[in-house]
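*Asks:* Please see the structure below; I have some questions.
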Amino acid sequence: MSYRLLIGVLSAMAVTVSTGTFAQGTMAEAKAMLEKAVAAVKADKAKALDMFNKGEGGFLDRDLYVFCSNVSDGKLLADGNPNAKQLVGTDDRTLKDSTGNPFGQDLFTAGQKPEGQVSEVSYLFPKPGSDKTPVQKVSFVTRVGDIYCGVGYYK
């Protein structure tokens, strides 16, 4: 690594630490994590859901995480967001954001589409590790057999 590049990297890290901000996941990274999650579910659904809930195996990266629910009843089976563990077991269709937007129904509707079709759902939701203030989020959602999974990125 060149001296200039090293200085640039260290300067960027100092600015990030001093401002208290953290790098956030991108749209491309969210899509890539969803693809990885789909492959994990297809390989071993029970193991994948456990990893998603625990944030293991690369399924919790900064503010990117996987969530999955039943296609049949919308029951949330896995949620990698440490701020939202209390939602596991609830019906997605009942979820609304702070503006009253019924985003849970939108997630459920996206999960009803044919396997392999990816939908985008926009809503407000708190970032993992944040003060729980909702911010704009877009989730990519797709069906995988009898469940649907999503990964969202924060704008």
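*Asks:* Please enumerate the residues belonging to segment 49-72 that are polar (S, T, N, Q) and either surrounded by fewer than 16 Cβ atoms within 10 Å (Cβ to Cβ) or touching a Pro at 6+ places or on another chain (Cβ under 9 Å) (or both).
*Replies:* Narrowing segment 49-72 to residues polar (S, T, N, Q): 53, 69-70, 72.
Passing the criteria: only Ser72.
*Asks:* Residue check, Asn53 against (1) part of a helix (DSSP H, G or I); (2) without any contact (Cβ under 8 Å) to a residue 12 or more places away in the chain, all met but one. Which one?
*Replies:* Every condition holds for Asn53 apart from (2).
*Asks:* Search segment 115-143 for residues that are farther than 24 Å from Lys36 by Cα and in contact (Cβ under 8 Å) with a residue 40 or more places away in the chain and pair each with any residue that is assigned to a strand (DSSP E or B) and not charged (D, E, K, R) when their beta-carbon atoms are under 9 Å apart and the residues are at least 6 apart or on different chains.
*Replies:* Correct list of pairs: Lys132/Pro126.
*Asks:* Something else now. Being in contact with a strand residue (DSSP E or B) (Cβ under 7 Å, 6 or more places away or on another chain) and among the charged types (D, E, K, R) is the filter here, so list the residues in segment 64-106 that pass it.
*Replies:* Once the filter is applied, which keeps residues that are in contact with a strand residue (DSSP E or B) (Cβ under 7 Å, 6 or more places away or on another chain) and among the charged types (D, E, K, R), segment 64-106 yields Asp73, Lys75, Asp79, Lys85, Asp91, Asp92, Asp97, Asp106.
*Asks:* Oh, and also: What are the residues in segment 99-123 that are in a loop (DSSP other than H, G, I, E, B) and in contact with a Ser or Thr (Cβ under 9 Å, 6 or more places away or on another chain), if any? If you could, list the steps in order and put the result at the bottom.
*Replies:* Let us first name the residues in segment 99-123 that are in a loop (DSSP other than H, G, I, E, B), namely 99-102, 112-117.
Result: Asn101, Pro102, Lys113, Glu115, Gly116, Gln117.
*Asks:* For segment 124-155, name all the residues that are over 17 Å from Phe59 (Cα atoms) and either in a loop (DSSP other than H, G, I, E, B) or of a type outside the set (A, V, I, L, M, F, W, C) (or both).
*Replies:* Pro126, Ser130, Asp131, Lys132, Thr133, Pro134, Gln136, Lys137, Arg143, Gly145, Asp146, Lys155
*Asks:* So which residues in segment 105-146 are crowded, with 20+ Cβ neighbours inside 10 Å and under 25 Å from Lys42 (Cβ atoms), if there are any at all?
*Replies:* Listed by number, the residues that qualify are Asp106, Leu107, Phe108, Ala110, Gly111, Val121, Ser139, Phe140, Val141, Thr142, Arg143, Val144.
*Asks:* Which of the residues spanning segment 73-101 are more than 24 Å from Met51 (Cβ to Cβ), at pLDDT below 95 and crowded, with 16+ Cβ neighbours inside 10 Å?
*Replies:* Correct list: Asp97 only.
*Asks:* Could you grab the pairs with beta carbons closer than 9 Å, sequence gap of 6+ or different chains, first residue in segment 99-112 and farther than 15 Å from Lys75 by Cα, second one in a helix (DSSP H, G or I)?
*Replies:* Partner pairs satisfying both residue conditions: Pro102/Arg93; Pro102/Thr94.
*Asks:* For segment 126-139, which positions are within 18 Å of Gly55 (Cα to Cα) and within 14 Å of the chain's Cα centre (by Cα)?
*Replies:* Taking segment 126-139 as the starting set, the residues that turn out to be within 18 Å of Gly55 (Cα to Cα) are 126-130, 139.
Matches in segment 126-139: Pro126, Lys127, Pro128, Gly129, Ser139.
*Asks:* (1) in contact with an Asp or Glu (Cβ under 6 Å, 6 or more places away or on another chain); (2) over 25 Å from Ala23 (Cβ atoms): which one isn't true of Tyr154, the others all being true?
*Replies:* (2)
*Asks:* Let me ask you something else. What is the one condition in (1) surrounded by 12 or more Cβ atoms within 10 Å (Cβ to Cβ); (2) at pLDDT below 95; (3) among the small types (Gly, Ala, Ser) that Ser11 does not satisfy?
*Replies:* Condition (1) is where Ser11 drops out.
The values are calculated or read from the model by the stated rules, or taken from the named source; none is laboratory data. Quantities reported herein were computed from a predicted structural model and do not represent experimental measurements. Cβ coordinates were reconstructed from backbone atoms using ideal geometry, including for glycine residues, and neighbour counts include every protein chain displayed.
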